[in-house]
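The values are calculated or read from the model by the stated rules, or taken from the named source; none is laboratory data. These numbers come from a predicted model, not from an experiment. Note that each Cβ is placed from the backbone with ideal geometry, even for glycine, and that neighbours are counted across all protein chains shown.
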Amino acid sequence: MEPGSDPTPTLHARDEGTGPPILLLHGLGADHTIWNAQIGPLAEEFRVLAPDLRGHGRSPLPPWSTFSVPELVGDLTALLDARGVPSAHVIGLSAGGFLALGWAAMDPRRVRSLVLSGSSTHCDAHTRSVAKNWADTYRTQGVSAYTLRLVKDLYAPEWTESHMEIVEQLERETAGRDLAGAILWGRALQTFDLRGRLSKMTVPTLILHGMDDRVVDPSHARLLRQTISGAQVRLFALTGHMVPVERPQETTDAIRSWVRASEAARPTVA
């Protein structure tokens with residue numbers, strides 16, 4: 001196979017509930033289980049699709065994949081088509097939020113609304129340096145040091161102090177995980193930049209951000225709100241990058257309320 005002939009993989013996905021469809025997108029190096037606290041409660045009212053993106057979790061990594069936004073959007077479009085879903089409310093965490101935003105800019109017909117957590121219009125120098133530090137630590141110091149680096153960067157110190165089990169959990173998950181897909185996606189994200197392309201976007205957008213986020217600076221939440229017409233922001237005090245994990249109930253409630261309001265505002269078809 002040659003570059004550019006990358007096949008569309010069949011994504012593994014949890015598919016639960018009925019009602020207006022919600023698509024939950026995880027971040028770099030994770031999988032759909034990052035949304036475990038939200039899937040069940042949301043599925044009581046909505047149809048919830050939570051995929052493993054290509055090269056993550058139980059989804060295959062196609063040869064020659066570059067992890068470009070069009071490639072990943074193609075995977076998700078194929079998933080929705082296969083499940084009979086014309087459009088969905090797309091919720092993205094971190095790199096999944098970058099992807100959700102890129103999708104809305106590319107093909108807003110498939111995106112009913114957006115919820116972006118720990119996301120931005122672009123990958124800035126700070127976020128690039130954080131990702132580089134992760135890769136360097138993993139390569140030179142091994143899984144244990146890499147896990148500790150992740151915990152320090154991803155979670156607010158106050159949350160970590162009361163959830164020390166996350167260190168062992170992350171170390172177990174990392175030791176058994178193939179990070180090839182994460183490495184490729186990380187490289188692709190270095191050049192992610194939608195500045196100048198979002199001012200005319202009309203997809204309803206809710207922005208969630210931890211005020212102690214060390215991966216994507218909270219100033220990016222303000223930038224997103226200023227860039228996307230009508231966007232709303234909710235900030236979480238004493239919260240790091242992993243808002244759905246650190247603030248599970250608040251995240252579920254925010255998504256539920258946002259999707260309800262977005263559905264109520266959708267034009268009815270005669």
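Farther than 30 Å from P63 by Cβ, exposed (fewer than 12 other Cβ atoms within 10 Å of the Cβ) and of a type outside the set (S, T, Y): does that describe R195? Give the derivation first.
Numbers: farther than 30 Å from P63 by Cβ: yes; exposed (fewer than 12 other Cβ atoms within 10 Å of the Cβ): yes; of a type outside the set (S, T, Y): yes.
Here the answer is yes, as R195 does meet what is asked.
Anything in region 84-114 that is assigned to a loop (DSSP other than H, G, I, E, B) and either out of contact with any Leu (no Cβ under 8 Å at 6 or more places or on another chain) or under 27 Å from E173 (Cβ atoms) (or both)? List them, or say none.
If the condition is that a residue be assigned to a loop (DSSP other than H, G, I, E, B) and either out of contact with any Leu (no Cβ under 8 Å at 6 or more places or on another chain) or under 27 Å from E173 (Cβ atoms) (or both), then G84, S94, D107 are the ones that fit.
Scan region 37-79 for residues that are within 16 Å of the chain's Cα centre (by Cα), under 23 Å from M242 (Cβ atoms), outside any loop (DSSP other than H, G, I, E, B) and not hydrophobic (A, V, I, L, M, F, W, C) and report the count.
Here the count works out to 2.
Among the listed residues H32, H26, H56, identify the single one that is within 17 Å of A104 (Cα to Cα) and not acidic (D, E).
Details: H32 fails: within 17 Å of A104 (Cα to Cα); H56 fails: within 17 Å of A104 (Cα to Cα).
The conditions single out H26.
Tell me which helices (runs of 4 or more DSSP H) are completely within region 146-211 and hold 3 or more residues being under 18 Å from the mean Cα position of the chain (by Cα) and within 15 Å of A95 (Cβ to Cβ), or say none if there are none.
On the way: elements: 157-161, 165-175, 180-189.
Helices (runs of 4 or more DSSP H) meeting the threshold: 180-189.
Would you check which residues across region 212-236 are hydrophobic (A, V, I, L, M, F, W, C) and closer than 20 Å to H89 by Cα and list them? Steps first, answer last, please.
Initially, region 212-236 is screened for residues hydrophobic (A, V, I, L, M, F, W, C), giving 215-216, 221, 223-224, 228, 231, 233, 235-236.
Answer for region 212-236, where residues must be hydrophobic (A, V, I, L, M, F, W, C) and closer than 20 Å to H89 by Cα: A221, L224, I228, A231, V233.
State the number of residues belonging to region 207-228 that are within 19 Å of A125 (Cα to Cα), without any contact (Cβ under 8 Å) to a residue 60 or more places away in the chain and crowded, with 23+ Cβ neighbours inside 10 Å.
Residues flagged as within 19 Å of A125 (Cα to Cα), without any contact (Cβ under 8 Å) to a residue 60 or more places away in the chain and crowded, with 23+ Cβ neighbours inside 10 Å within region 207-228 amount to 1.
Among the residues of region 1-55, what is the count of those that are at pLDDT 95 or above and of a type in the set (S, T, Y)?
Number of matching residues: 2.
Quick test of your reading of the structure: L184 fulfils all but one of (1) aliphatic (A, V, I, L, M); (2) without any contact (Cβ under 8 Å) to a residue 60 or more places away in the chain; (3) more than 30 Å from A265 (Cα to Cα); (4) surrounded by 13 or more Cβ atoms within 10 Å (Cβ to Cβ). Name the failing condition by number.
(2)
What single numbered condition from (1) out of contact with any Leu (no Cβ under 7 Å at 6 or more places or on another chain); (2) closer than 18 Å to L116 by Cβ; (3) β-branched (V, I, T) fails to hold for I207?
(1)
Only residues that are surrounded by fewer than 22 Cβ atoms within 10 Å (Cβ to Cβ) and touching a strand residue (DSSP E or B) at 6+ places or on another chain (Cβ under 6 Å): list them for region 32-61, please.
Passing the criteria: I39, A43, R47.
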